[in-house]
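Student: I have a structure I would like to understand better, so I am pasting it below and will then ask my questions one at a time.
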Amino acid sequence: MQSLSDQQVVVVGGGIGGLSTACYLADAGADVTLLEKNGQLGGRASRLEREGFVFDMGPSWYLMPDVFERFFGHFDRTPEEFYELERLDPHYRIFFKDGEASDDGAETGRRSDKVDISPNRAENRELFESIEPGAGEAFDSYLSTSETHYETAMEKFVYEDRSRLRDWIDPDVMRAAPIGLQLIGSMQSHVSDYFQHPRLQQIMQYTLVFLGGSPKNTPALYNMMSHVDFNLGVYYPVPKNGDGPGGVGVVVDAIVDLAEQLGVTFETNSEVGEITRRKDAFHVETVDGDVYRPDRVVVNADYRHAEQELMPEHERQYDESYWADRTYAPSAFLMYLGVEGDVEELAHHTLVLPEDWDPHFDQIFERPAWPDDPAYYLCVPSKTDEAVAPEGHSNLFVLVPIAPGLRDTDALRERYREQILEDVATNTGVDLRDRIVVEETFAVDDFVDRYNATEGTALGLAHTLRQTALLRPNNRSSAVDGLYFTGSFTTPGIGVPMTLISGQHAAEALVDDL
């Protein structure tokens, strides 16, 4: 990037996208100040510490290690200078709620059947073949396609910011056009071309939760996530030399450390209340009355909140009807639990899935309600990392995807808490109810209060067909020169790796415009 030594930039929001943008701009010479509403940096990738337990509040899967290597490599650094990675074995465990009938007609697996996804690809191939004859060969074919799509998509459509129509009129894009055909049709139709058994279809589709979509509304292009899952692997970050608890919070610490070395100034507990363009500079004012006068502004806060609540009407790109027509990724009902003893039946990452999960997705996207028979995720980092829980205890959190905008009350949470703990006991054999020593819940209203999240979405804009690539809100403001956006509402999308890349896109757009 060219030198920005004469530019003062304010970044609003210290999530992964904001931290990434700050690093790129500071490296280019800009004087960067980052304002963060909360007391911690990292946005949804914050930590919760209670009585010796350390929880990752949001993201807990370390996927796509190549993206992190590329990010740190831009600054002539490596991830290994900041943290180390442990590859998980198993990558994750799945409990399927409904037992299948045996040959004599008796029902088996009354307590859910389970499978482990291994870091060994050959073992996973055998697993697929054991569930459905011929699925082993289909597994190889599917992953070959997934790998091709991943490599093409990352180089042509993810690392290259193609957020404007003219960016697609490019010979390289035309040569990559066959991958574009994968945008036509849903993940459900694509996966069913390879696998008939519903369990195999679920294994290939569960990563859609990370993209905030369902099998029916997510473009088939995202079959590339299976390459991420099975070929690139699932890891757990730990501090160098084992100094302290691990988790995604360690990655946030690393990016913050890098940013400070590059000269970024951080101001936490600094909620922005106004952003407006003045004749000679921007006017950025916090709710406490602190005023900043930068040349450029990059917003990592919730895109709708920033435009509709922080900016005057004539500086908004989109009106309220635009935002009302968007499909938001799910919110979540989260329980952070400190538990006495071990939870032997659970892996570090565990999924509990109903045999038919369509009703749950319907209650997220079609008929919003607290799910009757939910698919959910259990994370037990203490399986890998003793530092996240006191001796003799387990660190565990439960995440249930729920519809954004749901009514959220103490009574509803208590009822749902009992339902989920009963479901965990029934389907995994782990009864937590008499062993909980620390407990916190987090749901729709908390996402609104803590992150100013539209409708309490836990992730941002879902990756539906009409909200993918250039159909997502742009990194550049079309209404205000010098205003940019980064994070999970814009390109390339949802998730820690994608928002890390989004920071690069926002920084490059700023430099290009200068």
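Here, each number is a calculation from the coordinates, and none is a lab measurement. Everything numeric here is computed off the predicted structure, so don't read it as measured data. Backbone-built Cβ (ideal geometry, glycine too); neighbour counts: all protein chains shown.
Student: Quick one: helix 135-153 against the long Cα principal axis of the chain, what's the angle to the nearest 10°, folded into 0 to 90?
Tutor: So the inclination is approximately 0 degrees.
Student: So for the chain: antiparallel DSSP bridges make up what percent, rounded to the nearest 5?
Tutor: For the chain, the DSSP antiparallel bridge percentage is about 70.
Student: Return the distance in nm (one decimal) between the two label points of a simple spin-label model at residue 512 and residue 130, each offset 7 Å from Cα along Cα→Cβ.
Tutor: Placing both labels 7 Å along Cα→Cβ, they lie 5.0 nm apart.
Student: Oh, and also: Taking the Cα atoms only, what angle lies between the long axis of helix 410-428 and the longest principal axis of the chain, rounded to 10 degrees?
Tutor: Orientation of helix 410-428: about 50 degrees from the principal axis.
Student: Calculate, for residue 287 and residue 257, the FRET efficiency according to 1/(1 + (r/R0)^6) with r their C-beta to C-beta distance and R0 30 Å; round to the nearest 0.05.
Tutor: Efficiency for this residue pair is about 0.60.
Student: Would you calculate, for the chain, the mean residue ellipticity at 222 nm contributed by helices, counting each DSSP H stretch of 4 or more residues as -39,500 (n - 2.57) and dividing by all residues, to the nearest 500? Walk me through the numbers on the way to the answer.
Tutor: Values: 14 runs with 148 residues, N = 514.
Only helices count here, giving -8500 deg cm²/dmol.
Student: Going toward the positive end of the dipole of the chain, with +1 on Lys and Arg Cβ and -1 on Asp and Glu Cβ, which of 242, 38, 336 do you reach last?
Tutor: The residue sitting farthest along the positive end of the dipole is 38.
Student: Separate question: Given +1 on the Cβ of Lys and Arg, -1 on the Cβ of Asp and Glu, and no further charges, what dipole in debye does the chain carry about its Cα centre, rounded to the nearest 20?
Tutor: Once rounded to the nearest 20, the dipole reads 1200 debye.
Student: For residue 276, put the label point 7 Å out on the Cα→Cβ axis and report which residues of region 297-321 keep their amide N under 20 Å from it.
Tutor: Those under the cut-off are 297-299, 304-320.
Student: Helix 65-74 versus the longest principal axis of the chain: what is the Cα-based angle in degrees, 0 to 90, to the nearest 10?
Tutor: Once rounded, the angle reads 20 degrees.
Student: Next question. Which percent of the Cα-Cα distances in the chain go past 45 Å?
Tutor: 10 percent
Student: Also, quick follow-up: Efficiency by 1/(1 + (r/R0)^6): what FRET value for residue 425 and residue 309, r their Cβ-Cβ distance, R0 = 51 Å, to the nearest 0.05?
Tutor: 0.75
Student: Specify which residue in the list 458, 469, 483 is farthest towards the positive end of the charge dipole of region 434-487, using unit charges on the beta carbon of Lys, Arg (+1) and Asp, Glu (-1), about the Cα centre.
Tutor: Towards the positive end, the residue furthest out is 469.
Student: Is the C-alpha gyration tensor of region 351-411 telling us rounded, prolate or oblate? Criteria: a/c under 1.5 is rounded; beyond that, a/b larger than b/c is prolate, otherwise oblate.
Tutor: Here region 351-411 falls in the prolate category.
Student: When the label point is put 7 Å from the Cα of residue 345 along its Cα-to-beta-carbon vector, which residues of region 433-453 have a backbone N closer than 16 Å?
Tutor: 433-436
Student: Please state the charge dipole magnitude for region 359-514, taken about the Cα centre, from unit charges on C-beta atoms (+1 on K and R, -1 on D and E), reported in debye and rounded to the nearest 20.
Tutor: 440 debye
Student: Next question, about the same structure. Select from 73, 281, 96 the residue farthest towards the positive end of the dipole of the chain; place +1 on Cβ of Lys and Arg, -1 on Cβ of Asp and Glu, and compute about the Cα centre.
Tutor: It is 281.
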